[in-house]
Structure formats: structure tokens, C-alpha cells
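Student: Sending over a structure as C-alpha cells; questions will come in a sec.
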Amino acid sequence: MGALTTDWLPAFKAVPRELFVPDVVWPGQAAGTGQEDSVDRRTDPDGWRRAVYADVSLTTQWDDGEHSGAGKGRVPTCSNSQPSMVFSMLAALDVEPESRVLEVGTGTGWNAALLSQRLGSSNVVTVEVDADNAATARARLGAAGYSPMAVVGDGAEGWKPSAPYDRVLITASLRRIPRAIVDQVRPGGIIVSPYATEYGGEGVVRLTVREDGSASGPFVGSSAFMRLRQQRTQRKHVREYLGGKPWPADGVRSVTSTSPDDVGDWLPMFAIGLQTAGVFPWAEEYDDGSYTLWLRDTAVTSWATVDYEPGAAEYEVYQSGPRNLWEEVRAAHRWWDGQGRPGFERFGLTVTADGQASAWLDAPEHPVPSVG
Ligand SMILES: C[S@@+](CC[C@H](N)C(=O)[O-])C[C@H]1O[C@@H](n2cnc3c(N)ncnc32)[C@H](O)[C@@H]1O
């Protein structure tokens, strides 16, 4: 596992992952972001151990705990994260002896245990929004011999009573960097967090907090975390966009030579999401390999569809509303393509003292443009 740096090796050895994994888990798929069927330690101890010692995430909760049983729920809401992701984020956190760390998203408690092993429990505070997850994690941490301050609360507020912190590790993805968190980090301190765009695509950002209260830094890789509970988007059904009429309703027809396939991978999605405001995609797939890419805006003013046909050179487009969403997405893709298709590590983010976040390419002086 290349992500495991030598300074984290002793903690990795001292804190076995299995102490923080419940009996029933849904292992992440090796390719993609979905989950396999559940594995139950009581009926399949070998399968369970294989899952625990594989480099995959292990979903431990669905639908904020409302789902029960061995089947899958609708949305995974807690997991023991993929080990290579855990250790690459810990490496990015760049802790020093005695660093005081706030973790947001206690989850199963594994990360809090690793931090406690390395820094001492008294230097670790961990916040979890879900009271059941927090109680289970606290019990597991205690049984393993660790006693970080583990509190129930909205981690977007940080945890002020124990501030300031030298480091903050966020293990649920953000679309906005909460001002409260930046304010609770001392100048020179570091925040490591998954940052997701509305369009999709997500990367881990490493922000350094400055004296003036701003924070800035590069992305260090891609990620696929579950969203911070308070930052999930409520999405309206397609019919709300069509105004009660059958598709294509009042959509204006055109054709495009850009394939919807070109804008569907994690990295271009991320680059498009940094440039567009409130646009999100959904693919309606058909049995013959064709699909319709739907684009909608969160304000429910505009929609677009692009019909993908395997092997085609041109694709039919319909757009409706004040925003031409396909043109926006195309323009954003064209910019990314024109920059030489930069990877996650060439992007960065600055959060100003008044809370505005802006993305940049290579250096803060080169802002990522906005389209639309
Ligand atoms: C991927 S899991 C965290 C993995 C964890 N660090 C571990 O070691 O197992 C994400 C967790 O974030 C929690 N979460 C979501 N929104 C939150 C919020 N606003 N404040 C604190 N925790 C939150 C979820 O309930 C879930 O337990």
C-alpha cells in the first residue's frame, strides 16, 4: 500500500483495522464507487477477514441508520474508509509531535484511534453527527485503549471548546469549506478534506491557514467520500423541469460533436464542476449501450439532454431555460482540454477570510474561470 508512509507505519501496526469493523459490512467494489453484497462475520468469518484486509472501503451504515437487514439501502452514510485513502490523507495532514487535531466524521473510530496512537488521545478531538455511530465508535475506541474526546455534533461547526487546532482532518466530503472550521485552526495549521463539486468529481484538498484568516492549498489526489450530512443536495425530479409536458417539452434542438462520454469521467467532471454553478448530471441508461445525459440546475430553471449512441459522430441535444447547460458544460470541458487536461494535483483552492472559495490551476494567481 504505497500510501502508508514510514512515520505512520507504527500506528498502522498498533491499531488493527478489524477492531473498528462491525460484523456486517458491504465492501466497496474494486472498480467504481458501488458496494458488493454484505459480508457477515458470524456466517462467513473468512470472507469478512478478506474484506477487512483488502484495500477497499467498508460500508457500515445506509440511509442514516434507517435501513436494516443484509440488503443494500439507498445511500451509504457511514463507512470504514479505504486504507490507502486513510493513510494518504494522514500523510497530507503532516502532523508533528503533540499536534492538536480535530477530526470531523468519527465514523467507526479507526482514524481517531490511529491519530490517538500517534499523538496521544489527549491531543485528538473527533466529532460525529450520528449519535449511534458516535456511541459505537466510542465503545470501540475505549476497548482498544484510546480515549480521544469523541463528541456528537455537526462537524461543520468544528468543536470550539477545544480550539485552536494545529490540524483538521475531515472524512466526509464538503462542497463548501465551513468558515467555523478555518477559524478554529491556528495560522500555519493545515486542513485536509475531500472537496466535491456539484457536477461530480471530488478531490482531497490540503489548505494551510494564514494569519489573515484565509486558507489556501493544492489538491493532493482524487477521492469519493460520502457527503457531509448538512451539505447534501436535494434534487428535484425531471418532471419538475419539464413543466408537466412530455420530453422534449419546450427544449430547443441542436446537434453536438462533443460526446457525452467525454464529460463523464471523475476528473473532467471535477474540472467542469469547478467552473459551473449548480449544474448536475444524470445518465438515463438503455439496454443497447446508448444513454441520455440529463443536465439540470439546482435552481430548477434549466435542463438539457444529450443522446449518446455508440459509434456516432454527432449527438442530438435539447436545451431549455435561461441557461444553455450543455453549452456551459462543453465550454468548461473545452477549457480543461485546452489546459492539457490537468490532473487533480494541478488544481488548488483558496478560501478567503469572508468565506468565498475559489479554485485555481497551478497557482492562486491563475483562477479557474467560471462559465455560465
Ligand atoms: C466515511 S465516514 C468516516 C470514516 C471514519 N473517519 C473512520 O475512521 O471510520 C463519514 C462519517 O461522517 C459522518 N458525518 C456526516 N456528516 C457529518 C457532520 N456534519 N458532522 C460530523 N460527522 C458527519 C457520517 O455520519 C459518517 O459517520
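Student: For segment 156-171, enumerate the residues that are of a type in the set (A, V, I, L, M) and within 14 Å of the ligand (Cβ to nearest atom).
Tutor: A156, V168, L169, I170
Student: Which of the residues belonging to segment 94-149 are surrounded by fewer than 20 Cβ atoms within 10 Å (Cβ to Cβ) and within 21 Å of the chain's Cα centre (by Cα)?
Tutor: D94, D130
Student: Let me ask something additional. Just to check your reading of the model, which residue among L267, L274 is outside any loop (DSSP other than H, G, I, E, B), touching a strand residue (DSSP E or B) at 6+ places or on another chain (Cβ under 6 Å) and under 21 Å from V368 (Cα atoms)?
Tutor: Within the list L267, L274, the selection yields L274.
Student: I would also like to ask the following. Any residue in segment 127-140 that's farther than 13 Å from S79 by Cα and in contact (Cβ under 8 Å) with a residue 12 or more places away in the chain: show its pairings with residues that are assigned to a helix (DSSP H, G or I) and more than 6 Å from the ligand (Cβ to nearest atom) at Cβ separation under 8 Å, as long as the two are six or more apart or on different chains.
Tutor: D132/G65; R140/L19; R140/F20; R140/A113
Student: Determine whether P281 is within 23 Å of P342 (Cβ to Cβ) and assigned to a strand (DSSP E or B).
Tutor: Yes: the conditions hold for P281.
Student: Filter segment 224-248 down to residues that are within 8 Å of the ligand (Cβ to nearest atom) and part of a loop (DSSP other than H, G, I, E, B) and give me whichever is surrounded by the fewest Cβ atoms within 10 Å (Cβ to Cβ).
Tutor: M226
Residues checked against (1) over 30 Å from V329 (Cβ atoms); (2) part of a loop (DSSP other than H, G, I, E, B); (3) outside the structural domain of G32 (by TED's automatic domain parsing):
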{"position": "V168", "(1), (2), (3)": "yes, no, yes"}
{"position": "A180", "(1), (2), (3)": "yes, no, yes"}
{"position": "G188", "(1), (2), (3)": "yes, no, yes"}
{"position": "S193", "(1), (2), (3)": "no, no, yes"}
{"position": "G200", "(1), (2), (3)": "no, yes, yes"}
{"position": "G203", "(1), (2), (3)": "no, no, yes"}
{"position": "R206", "(1), (2), (3)": "no, no, yes"}
{"position": "P218", "(1), (2), (3)": "no, no, yes"}
{"position": "G221", "(1), (2), (3)": "no, no, yes"}
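Student: Another question, if that's okay. Six or more apart or on different chains, Cβ atoms under 9 Å: show the pairs whose first residue is in segment 146-165 and more than 28 Å from P16 (Cα to Cα) and whose second is acidic (D, E) and modelled with pLDDT of 95 or more.
Tutor: K160/D183; A163/D183; P164/D183
Student: Anything in segment 59-83 that is loosely packed, with under 15 Cβ neighbours inside 10 Å and among the hydroxyl-bearing types (S, T, Y)? List them, or say none.
Tutor: Within segment 59-83, just S68 meets the criteria.
Student: Here's something else I'd like to know. So which of P10, P76, P27 is away from the ligand (no atom under 15 Å from the Cβ) and at negative phi?
Tutor: P10
Student: Quick one: in segment 284-295, of everything that is in a loop (DSSP other than H, G, I, E, B) and in contact with a strand residue (DSSP E or B) (Cβ under 9 Å, 6 or more places away or on another chain), which residue is surrounded by the most Cβ atoms within 10 Å (Cβ to Cβ)?
Tutor: The selected residue is S290.
Student: When the residues of segment 107-140 are filtered to those that are more than 10 Å from the ligand (Cβ to nearest atom) and outside any helix (DSSP H, G or I), which remaining residue is farthest from P10 (Cα to Cα)?
Tutor: In this case the residue turns out to be V125.
Student: Can you tell me which of A11, A30 is out of contact with any Pro (no Cβ under 6 Å at 6 or more places or on another chain) and in a loop (DSSP other than H, G, I, E, B)?
Tutor: A30
Student: Can G71 be described as assigned to a loop (DSSP other than H, G, I, E, B) and either modelled with pLDDT under 95 or more than 10 Å from the ligand (Cβ to nearest atom) (or both)?
Tutor: Here the answer is yes, as G71 does meet what is asked.
Student: On the basis of being under 23 Å from E202 (Cα atoms), modelled with pLDDT of 95 or more and under 22 Å from the mean Cα position of the chain (by Cα), does P364 make the cut?
Tutor: So P364 fails the test.
Student: Can you confirm whether E103 is within 10 Å of the ligand (Cβ to nearest atom), out of contact with any Lys or Arg (no Cβ under 8 Å at 6 or more places or on another chain), acidic (D, E) and modelled with pLDDT of 95 or more?
Tutor: yes
The values are calculated or read from the model by the stated rules, or taken from the named source; none is laboratory data. Since the model is a prediction, treat every value here as computed from it, not as a measurement. Quick reminder, even Gly has a Cβ in these numbers, built from the backbone with ideal geometry, and neighbours come from all protein chains shown.
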